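Engineer: Before I ask anything, let me first share the structure, which is written out below as structure tokens.
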Amino acid sequence: QVQLVESGGGLVQPGGSLRLSCAASGSIFSISTMGWYRQAPGKQRELVALITSGAWTDYADSVKGRFTISRDNAKNTQYLQMNSLKPEDTAVYYCNLRWRNTNYWGQGTQVIVSS
């Protein structure tokens, strides 16, 4: 059984930074693809960034150059460093672990970008 717990969300001004963390339980973290998704009010959940077990990364066009995804397999934790935040980044951010076509989700952490 995999449990994912996000932390690090909050209120930040435009142009500011936040770092999200996602701690995973279980033994499959290091062999799984990890990702961050977000869902804004009235919108569908969308992929923000992902990182494979081999550390290959991919980003949504809207966050390229501003967000950085990383992982620490020794700590079973992934991160999302978010810089130059914009009001349109406001959303609930969800941690995702994918292994053998099974998806696990965290409970989400709210990010609000507002002055």
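Engineer: Find the Rg to Rh ratio for the stretch 12-69, where Rh is the Kirkwood radius over alpha-carbon pairs and Rg uses the same atoms.
Structural biologist: Using Cα coordinates only, the ratio equals 1.00.
Engineer: Next question. In the stretch 12-115, what % of DSSP beta bridges are antiparallel (nearest 5)? Before the final figure, lay out the partial values.
Structural biologist: Numbers: 34 of 35 bridges.
Among the beta bridges of the stretch 12-115, antiparallel pairing accounts for roughly 95 percent.
Engineer: Hey, got the dipole for the chain? About the Cα centre, +1 on K and R Cβ, -1 on D and E Cβ, debye to the nearest 20?
Structural biologist: Once rounded to the nearest 20, the dipole reads 100 debye.
Engineer: Please sort by residue number the chymotrypsin sites (Phe, Trp or Tyr not before Pro) in the stretch 26-115 whose DSSP state is loop and whose Cβ has at most 12 other Cβ atoms within 10 Å.
Structural biologist: Passing sites in the stretch 26-115 are Trp56.
Engineer: For the chain, would you read off the P(r) tail past 21 Å as a percentage of all alpha carbon pairs?
Structural biologist: That fraction is 30 percent.
Engineer: Could you check the simple spin-label distance between Ser53 and Asn73, using points 7 Å along Cα→Cβ, in nm with one decimal?
Structural biologist: The answer from the label model is 0.8 nm.
Engineer: Connecting C-alpha atoms closer than 10 Å in a GNM of the chain, tell me which of Ile69, Ile31, Ile51 has the biggest fluctuation.
Structural biologist: In the Gaussian network model the winner is Ile31.
Where a number appears in this text, it was derived from the coordinates with a stated rule and is not lab data. Everything quoted here is computed from the prediction, not taken from an experiment. Here the Cβ is made from the backbone with ideal geometry for all residues, glycine too, and neighbour counts use every protein chain on show.
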